[in-house]
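No value in this document is a laboratory result; all are computed from the given coordinates. This one's a predicted model, so the numbers in the text were calculated from it and none came from an experiment.
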Amino acid sequence: MDERRSKPRLNVSLDAFWHGETGRQSARVTDLSEGGCYLDTVGEV
């Protein structure tokens with residue numbers, strides 16, 4: 001499969017938290033670049 005991303009990506013494992021309408025949510029950032037990231041969570045974003 002051809003790579004279509006224009007920015008280099010880093011494989012990371014960063015814990016993330018935010019407070020939403022349903023309270024505190026947790027997630028993990030597993031792929032990061034200057035243009036975005038992949039957020040792995042079961043919470044509603």
_For the chain, convex hull of alpha carbons as volume per residue, Å³_ = 93 Å³
*Tell me, what HN-Hα J-couplings in whole Hz come from the Karplus equation 6.51 cos²θ - 1.76 cosθ + 1.60 at θ = phi - 60° for each residue of region 7-23, using x for Gly and Pro?*
10, x, 10, 10, 7, 10, 9, 10, 6, 9, 9, 8, 10, x, 4, 9, x
